[in-house]
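A quick write-up on the structure given underneath.
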Amino acid sequence: MVEVDAPVQLTWELWSDLEQMPKWMKWIDSVNILEEDPDLSRWKLASAGFEFTWLSRVTKLVPYQLIQWEAVDGLPNRGGIRFYDHKEKSAVKLTVAYSIPSFIGKLMDNLIIGRLVESTLKADLKRFKKYVDNIQQGQSPSS
């Protein structure tokens, strides 16, 4: 979870624009919403020479509170992002469950992979906080 110095409406607005996720999620190379079904999005993860894609469906959407998803094809994963309204501030909590592809499990210990994923997701939340701070200060979101 990360505390953000912005109202929940702004944090929701930024996070729910899925195609912007690569701006703060280190391993996410791209997200593309499918024109024919806006509840579906094609994700591409790229890190250390590995590349994975999956098709994800939004399974639950509660404006300003919750976005849940589940992969329907490709790299198995599911999760949710919960938003907490703290007046002029907000908190964002990310929960992710995933399956490690078997060939990666053979290369690295699953516990090490789990710790690496967890630390990356925590850093992603910190990058999101900075992204929001930059937007509020009128700076380019990438700075």
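The values are calculated or read from the model by the stated rules, or taken from the named source; none is laboratory data. Given the structure is predicted, the values throughout are model-derived calculations rather than measurements. Using ideal geometry, Cβ is built from the backbone for each residue, glycine included, and neighbour counts are taken over all protein chains shown. Protein only, heavy atoms only, side chains kept; ligands, DNA and RNA dropped before computing areas. Shrake-Rupley method; radii C 1.70, N 1.55, O 1.52, S 1.80 Å.
Near W69, within a Cβ-to-Cβ distance under 11 Å, what is the net charge of the other residues, with Lys and Arg +1 and Asp and Glu -1?
+1
Which net charge results for the neighbourhood of T120, defined as the other residues with beta-carbon distances under 13 angstrom from its beta-carbon, given Lys and Arg at +1 and Asp and Glu at -1?
Within the 13 Å Cβ shell, the charges total +3.
At D73 and I135, where each label point lies 7 Å from the Cα along Cα→Cβ, what is the point-to-point distance in nanometres?
3.0 nm
Near K129, which lysines are there with a Cα under 16 Å away, not counting those fewer than 8 places off in the same chain?
Qualifying lysines at Cα under 16 Å: K23, K26, K89, K93.
Rank F50, F128, F83 by mean-square fluctuation in a GNM of the chain with C-alpha springs under 10 angstrom and give only the top-ranked residue.
Of the options given, F50 has the highest mean-square fluctuation.
Keeping all protein chains in place, calculate the accessible area per residue for the chain (probe 1.4 angstrom), answer in Å².
Ligands and nucleic acids excluded, the figure is 60 Å² per residue.
Provide the solvent-accessible area of Y84, counting protein heavy atoms only and rolling a 1.4 Å probe, rounded to the nearest 10 Å².
80 Å²
Which length gain, in nm to one decimal place, applies between L34 and S47 when the Cα-Cα distance is subtracted from 0.36 nm times their residue separation?
In short, 2.3 nm is gained.
Add -39500 (n - 2.57) for each DSSP H run of 4 or more in the chain, then divide by its residues: what number comes out at 222 nm, to the nearest 500 deg cm²/dmol?
Calculated mean residue ellipticity at 222 nm is -9500 deg cm²/dmol.
For K93 paired with V58, estimate the spin-label separation in nm (one decimal), with each label point 7 Å from Cα along the Cα-to-Cβ line.
2.1 nm
Could you pull out every one of the aspartates and glutamates with an alpha carbon less than 15 Å from that of K130, ignoring same-chain neighbours closer than 8 positions?
E3, D5
For the chain, which whole-number percentage of the solvent-accessible area (1.4 Å probe, protein heavy atoms only) is attributable to carbon and sulfur atoms?
Reported share for carbon and sulfur atoms: 52 percent.
What net charge is computed for the residues neighbouring V58, neighbours being all others with C-beta under 12 Å from the C-beta of V58, Lys and Arg scored +1, Asp and Glu -1?
0
Compare L94, L34, L121 in a GNM of the chain, Cα atoms joined below 10 Å, and give the one with the largest fluctuation.
Among L94, L34, L121, the largest mean-square fluctuation in the Gaussian network model of the chain belongs to L34.
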